[in-house]
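The values are calculated or read from the model by the stated rules, or taken from the named source; none is laboratory data. Here the structure is a predicted model, which means the values were calculated and not measured. Here the Cβ positions follow ideal geometry from the backbone for every residue, glycine too, while neighbour counts run over all protein chains shown. Remember, those area values only see protein heavy atoms, side chains included, never the ligands or the DNA or RNA. Shrake-Rupley method; radii C 1.70, N 1.55, O 1.52, S 1.80 Å.
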Amino acid sequence: MAAVGQNGWMRVRPVTEADLEELARGFKVVVDEKRWVARQPPVDAAELAEDLRRRLGDGRPMFTLEDTDAEDGPALVGFLDLYPTRTDGVYAFGLWVLPEVRGKGGGRALLEAAIEARPPHVHKIELETWPHNEAAIALYERLGFEREGLRRDHYRRADGSLQSSLIMARLFPDPGPPDRVRR
């Protein structure tokens with residue numbers, strides 16, 4: 001698959017095997033912030049890379065955000081993984097963008113690539129986010145995602161506290177019943 005799209009300093013493209021180590025290091029940065037993703041430290045970058053390798057082998061849509069203006073050549077500064085849920089026709093995604101490039105359109109570019117790449121039988125993409133992640137919530141709403149509910153005090157954090165999550169989703173025109181169950 002060729003580059004999905006480029007806009008100014010950024011380019012969104014499918015993840016390749018060569019990207020996995022750098023993406024794992026980037027995700028570790030976001031995990032270590034303890035604020036934006038469900039995964040909690042400590043995490044091992046090598047284990048994260050192996051997990052990404054497995055996901056890539058599953059053939060699911062995965063995209064990276066490249067900073068094409070980086071000093072030492074293109075740098076991977078964001079990631080989106082689109083994956084099937086247990087419900088046929090419903091996918092979910094995981095998304096992160098490194099702190100130094102947040103708020104510059106990278107998250108939107110990754111989401112637009114994922115929406116465009118969704119398999120034809122997918123009638124819904126869902127997500128969970130922290131209620132305090134107002135910038136992400138606003139982005140999701142601009143892209144047609146609606147609030148569906150709140151999982152109150154659902155996640156136990158490493159410090160013992162409980163964290164709620166906001167459930168959001170975007171519906172797409174129903175393609176009709178599948179010829180067979182697709183996962």
- request: Please report Rg over Rh for the chain, where both radii come from the alpha carbon positions and Rh follows the Kirkwood definition.
  value: 0.95
query: Ignoring any ligand, DNA or RNA, what whole percent of the accessible area of the chain comes from carbon and sulfur when the probe is 1.4 angstrom?
result: 47 percent
- request: Mind ranking 149-159, 24-34, 88-98, 49-59 by how tightly packed they are, going by the mean number of other C-beta atoms within 10 angstrom, highest first?
  value: 88-98, 24-34, 49-59, 149-159
task: Assuming 0.692 mPa s and 37 °C, estimate D for the stretch 19-76 with Stokes-Einstein, Rh taken as the Kirkwood radius over Cα pairs, in µm²/s.
output: 265 µm²/s
task: List the pair-distance distribution P(r) of the stretch 82-131, using every Cα-Cα distance, as the percent of pairs falling in each 10 Å bin from 0 up to the bin containing the longest distance, rounded to whole percents.
output: 22, 49, 24, 5
query: Using the scaling law 2.2 N^0.38 Å as the reference, what is the normalised Cα Rg of the stretch 40-110?
result: 1.25
The chain - share of DSSP beta bridges that are antiparallel (%, nearest 5): 90 percent
query: What spacing in nm lies between the two simple spin-label points modelled at Glu47 and Thr85, each 7 Å away from Cα in the Cβ direction?
result: 2.7 nm
query: Amide H neighbours of Leu65 under 5 Å, counting only residues 5+ apart in sequence or on other chains, H built in-plane at 1.01 Å?
result: Val77, Gly78, Phe79
statement: Probe 1.4 Å, heavy atoms of protein chains only: per residue, the accessible area of the chain in Å² is 56 Å²
field: Descending Cα extents along the principal axes, the stretch 112-176, whole Å
entry: 43, 23, 18
